[in-house]
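As structure tokens, the structure follows; a few thoughts come after it.
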Amino acid sequence: MALRSINKLELFLKRCSAPTLYYCSCRSGHTSLGNSEDKSNSNNNSDNNNYNKKKDGNNNDYGRFSWRSAFRFFVPFSLGALASTMVTQREELTPTISARSLSGRRREFNFIADVVAGCADSVVYIEIKDTRHFDYFSGQPITASNGSGFVIEQNGLILTNAHVVINKPNTMVQVRLSDGRTFPATIEDVDQTSDLATLRIQVTNLPVMKLGKSSTLRSGEWVVALGSPLALSNTVTAGVISSTQRASQELGLRNRDINYLQTDAAITFGNSGGPLVNLDGEAIGVNSMKVTAGISFAIPIDYVKVFLERAAERRKKGSAYKTGYPVKRYMGITMLTLTPDILFELKSRSQNMPNNLTHGVLVWKVIVGSPAHSGGLQPGDIVTHINKKEIKNSSDVYDALADGNKELDIVILRGIKQLRVTITPEDP
């Protein structure tokens, strides 16, 4: 088939009678170019004879064009040109990937680090020292519990949670700054209803945390939680605002008219009292409690400002802080009421939750060395009964402490197991 195509091309070229193509003379056995006028004088006779023979039509050996040579020259050339054109078009259509320099991306995109650099110096680590027990090697009081706080005035005023610093008898409060310096602290103001408190240390020229506006927050906004979880000071976690209006009634907190901020930033033991910061480096909340991984709550900073204004007015009037809160028997736990919504969330996240559980109080934190710790309570336990009475919220636990019973017979759920523990609260 290829031979037939070649013959057809050869016939086509003959009809064209191109005078500039190569031809060969079969009689002379050599190849020449062009018309007879361009030839040398020595070949004029031979050319004229060939021309006359052609004219008479008597010569079968007449030199003919080398069409096969022309074909062998033009076909590869044409195919090469066509292939070059196709490659060029393909390169134009194919997207090119250029190696982009990665230098400078850390400075451009690490916005969390920029926030931390601007406000971490004002965060403090708070330790509650038990003055009745001392470390065997150092001779210093042992740490009963810990929390976080942040400086709000240069003259040493610190904001934290009330549950971090109160209801712990025979203890002292100690504050460690970000630069490592340690100072004893005194409690200035406490509001148990909002779970807020202020401390004072004798030092000046401290870096101050800016206070923002929680009323302008939006769900999905980036926030950074600073504090000292598990006694690991200067810890940073990040997340988003899950809800800006989580009512205290939804959390089972009675006598609190607060709409908490809900966030998925990791908050755990020791983060309490630390700041929840927006991307402008402003505190928009005070870390308060954690339910489970991904569900934590903070007190809005707008509510905190009201507490600080009232505390400032009391100081101006000269009413010194003495107790400021009712002294209760001490058990040594931080707890959270299990509302139906929280129970549903816990059951969906864990397979170890009994399906018939409808009420109780979640033990969020147990202070080491406290009566609860000595009696066998552990974080994650769910208290369902105390002295044969149902426990439906945290107020029922406080009522049991106020009854005056020397011992508390407590029924708890630890996973799917039901256990009983006996705790002897300490008198104030």
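Tabulated values for the structure
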quantity	calculated
Filter on Lys129/Lys168; Lys290/Lys389; Lys388/Lys417 - keep pairs with C-alpha separation over 20 Å	Lys290/Lys389
Separation in nanometres of the label points that stand 7 Å from Cα toward Cβ, at Arg420 and Glu345	3.4 nm
Karplus-derived HN-Hα couplings along region 299-305 (A = 6.51, B = -1.76, C = 1.60, θ = phi - 60°), whole Hz, x at Gly and Pro	7, x, 5, 5, 5, 5, 4
Probe 1.4 Å, protein heavy atoms only - accessible area per residue of region 156-290 in square angstrom	39 Å²
Accessible solvent surface per residue of region 328-406, calculated while the other protein chains remain in place, 1.4 angstrom probe, Å²	49 Å²
Gain on full stretching of the segment that runs from Ala117 to Val306 - 0.36 nm per residue minus C-alpha separation	65.2 nm
For region 162-223 versus region 366-428, the gap between their alpha-carbon centres in whole angstrom	28 Å
Förster radius 22 Å - calculated FRET efficiency between Asp280 and Phe109, Cβ distance, rounded to 0.05	0.80
Label point distance in nm, Asn387-His133, each placed 7 Å from Cα along Cα→Cβ	2.6 nm
Solvent-accessible heavy-atom area per residue, rounded to whole Å², over region 104-151 at 1.4 Å	58 Å²
Karplus 3J(HN,Hα) series, Hz, for region 367-372 with 6.51 cos²θ - 1.76 cosθ + 1.60 (x for Gly, Pro)	6, 5, x, 7, x, 5
Residue-span extension gain [Gln140 to Gln245] - 0.36 nm each, minus C-alpha spacing	33.4 nm
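The values are calculated or read from the model by the stated rules, or taken from the named source; none is laboratory data. Not measured: the values here are computed from a predicted model. Methodologically, a virtual Cβ is constructed for each residue, glycine included, from the backbone with ideal geometry; neighbour enumeration extends over all protein chains shown. Protein only, heavy atoms only, side chains kept; ligands, DNA and RNA dropped before computing areas. Shrake-Rupley method; radii C 1.70, N 1.55, O 1.52, S 1.80 Å.
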